[in-house]
Amino acid sequence: MAQEVRGVIAPGKNEPVRVETIVVPDPGPGEAVVKVQACGVCHTDLHYKQGGINDDFPFLLGHEAAGVVESVGEGVTEVAPGDFVILNWRAVCGQCRACLRGRPQYCFNTHNAKQKMTLLDGTELSPALGIGAFAEKTLVAAGQCTKVDPSVAPEVAGLLGCGVMAGIGAAINTGGVGRGDSVAVIGCGGVGDAAIAGSRLAGAGRIIAVDIDDRKLAKAREMGATHTVNSRSTDPVEAIRELTGGHGADVVIEAVGRPETYEQAFYARDLAGTVVLVGVPTPDMKLQLPLLDVFGRGGALKSSWYGDCLPSRDFPMLVDLHLQGRLDLGAFVTETIGLGDVEKAFARMHEGDVLRSVVVF
């Protein structure tokens with residue numbers, strides 16, 4: 001029987017979000033209903049609200065979440081009612097050419113729930129990243145549920161569902177940061193700080209944080225940065241080179257998603273170094289680089305989508321590291337809020353006051 005719950009929707013482009021009654025259907029084949037316990041306020045949700053993803057309004061926002069499986073549909077074997085899970089937006093198919101080549105983290109056919117959640121009047125909702133977790137309960141594909149140790153707090157576990165995983169994965173999975181490497185991270189929001197934490201986990205010798213906000217640079221040091229550069233007052237390329245013996249960093253992670261910061265990342269890496277783009281650009285942005293420089297500097301230019309993660313592998317591992325005291329996920333949580341405070345959280349995000357606001361149910 002369908003259930004009625006409260007959820008946060010974005011009704012139209014740049015309109016304030018509001019709490020509405022959401023109708024959640026019973027799970028069909030391959031689906032699960034999850035009782036959401038916590039959901040982070042991610043910049044991607046703001047992109048949805050602003051119409052920066054697509055125009056399939058109204059959106060049911062929220063995707064960086066953890067909770068407990070309430071019910072499952074026919075044929076579901078990977079999770080069962082009562083399982084504590086982190087929701088992911090990369091439910092791999094197991095059958096596409098990437099999966100069959102043993103690279104499921106690049107799955108080309110990820111899937112979501114087939115049924116739609118709706119408003120009371122029957123208006124179909126578009127769930128953010130196929131999840132829609134700013135709601136007391138949500139309907140997802142069962143493959144979007146990743147079981148983890150239930151002793152972890154939901155408000156920190158859910159952050160692995162998007163931003164923290166994107167940053168850690170950009171460093172470890174995409175960038176291949178290794179012991180003794182020099183790393184520069186441009187942009188020290190949630191994703192950038194996660195890339196710093198991931199670089200420290202991987203044993204990087206020198207981790208340089210770059211931002212225009214001294215508050216963010218101070219937080220980056222707490223996350224593991226060994227050096228900081230305020231690019232409002234200092235040329236970041238020259239500063240990174242100076243801090244790496246005049247050569248540039250082995251890996252430069254761009255966590256802003258703008259052409260000018262990507263160009264800085266390109267020239268701030270060592271010869272044969274790696275640039276990782278994990279910041280999300282908008283569709284109108286263009287990049288111009290001299291092709292001779294691309295050729296002459298060698299190395300690799302990579303993009304990192306969801307930190308090239310495999311949720312079934314990476315989420316449990318990172319939760320274990322947190323429980324062992326080796327990865328402080330709690331450091332990413334600036335505040336916990338209620339469902340009705342999401343619009344205020346977006347405003348605080350704009351002001352740079354928070355690393356993560358987390359809705360707790």
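The values are calculated or read from the model by the stated rules, or taken from the named source; none is laboratory data. Source: prediction; values computed, not measured. Don't worry about glycine lacking a Cβ; one is built from the backbone with ideal geometry, like all the others, and counts go over all protein chains shown. Please note that ligands, DNA and RNA were not included when accessible areas were found on the heavy atoms of the full protein model with its side chains. Shrake-Rupley method; radii C 1.70, N 1.55, O 1.52, S 1.80 Å.
Picking from residues in segment 245-263 that are open to solvent by 50 Å² or more (accessible area, probe 1.4 Å) and in contact with a strand residue (DSSP E or B) (Cβ under 8 Å, 6 or more places away or on another chain), the one that is farthest from ARG206 (Cα to Cα) is VAL256. Note on segment 112-227: enclosed strands (runs of 3 or more DSSP E) holding 1 or more residues that are open to solvent by less than 50 Å² (accessible area, probe 1.4 Å), over 30 Å from SER71 (Cβ atoms) and of a type outside the set (Val, Ile, Thr) are 182-186, 206-211.
Scan segment 73-101 for residues that are in contact with a helix residue (DSSP H, G or I) (Cβ under 7 Å, 6 or more places away or on another chain) and in a strand (DSSP E or B) and the total you get is 2. For segment 308-327, taking the residues that are in contact (Cβ under 8 Å) with a residue 60 or more places away in the chain and hydrophobic (A, V, I, L, M, F, W, C), the one that is nearest to VAL252 (Cα to Cα) is identified as CYS309. Taken as a whole, segment 299-307 holds no residue that is exposed (fewer than 13 other Cβ atoms within 10 Å of the Cβ), in contact (Cβ under 8 Å) with a residue 60 or more places away in the chain and part of a loop (DSSP other than H, G, I, E, B). Cβ separations smaller than 7 Å between residues 6+ apart or across chains give the following pairs from segment 127-152 residues that are within 21 Å of ALA80 (Cβ to Cβ) to residues that are open to solvent by 10 Å² or more (accessible area, probe 1.4 Å) and among the acidic types (Asp, Glu): LYS137/GLU70; ALA142/GLU78; GLY143/GLU78; LYS147/ASP83; ASP149/ASP320. Counting the residues of segment 263-284 that are over 23 Å from THR44 (Cβ atoms), of a type in the set (A, V, I, L, M, F, W, C) and without any contact (Cβ under 8 Å) to a residue 60 or more places away in the chain gives 3. In this structure, is GLY330 exposed (fewer than 13 other Cβ atoms within 10 Å of the Cβ), assigned to a helix (DSSP H, G or I) and in contact (Cβ under 8 Å) with a residue 40 or more places away in the chain? So GLY330 fits the description; yes.
When each of MET223, MET285 is tested for being more than 29 Å from LEU327 (Cα to Cα) and within 22 Å of the chain's Cα centre (by Cα), the lone residue that passes is MET285.
Here is a yes/no grid of residues against (1) part of a helix (DSSP H, G or I); (2) open to solvent by 50 Å² or more (accessible area, probe 1.4 Å); (3) basic (Lys, Arg):
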| residue | (1), (2), (3) |
| --- | --- |
| ARG232 | no, yes, yes |
| LEU271 | no, yes, no |
| VAL275 | no, no, no |
| GLN288 | no, yes, no |
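A Cβ distance below 7 Å, combined with a sequence gap of six or more or placement on separate chains, defines the contacts here; from segment 62-74, residues that are of a type in the set (D, E, K, R) reach residues that are part of a strand (DSSP E or B) and open to solvent by 40 Å² or more (accessible area, probe 1.4 Å) in the pairs GLU70/LYS35. For GLU70, the criteria (1) loosely packed, with under 15 Cβ neighbours inside 10 Å; (2) outside any loop (DSSP other than H, G, I, E, B) hold in every case but one, which is (1). The residues of segment 79-101 that are closer than 14 Å to CYS145 by Cα and of a type outside the set (A, V, I, L, M, F, W, C), listed by number, are PRO81, GLY82, ASP83, ASN88, ARG90.
Within this structure, VAL33 fails the test of being open to solvent by less than 10 Å² (accessible area, probe 1.4 Å), assigned to a loop (DSSP other than H, G, I, E, B) and in contact with a Lys or Arg (Cβ under 7 Å, 6 or more places away or on another chain). Within segment 13-67, if we keep just the residues that are at pLDDT below 95 and on the phi > 0 side of the Ramachandran plot, the residue that is nearest to the chain's Cα centre (by Cα) turns out to be GLY51.
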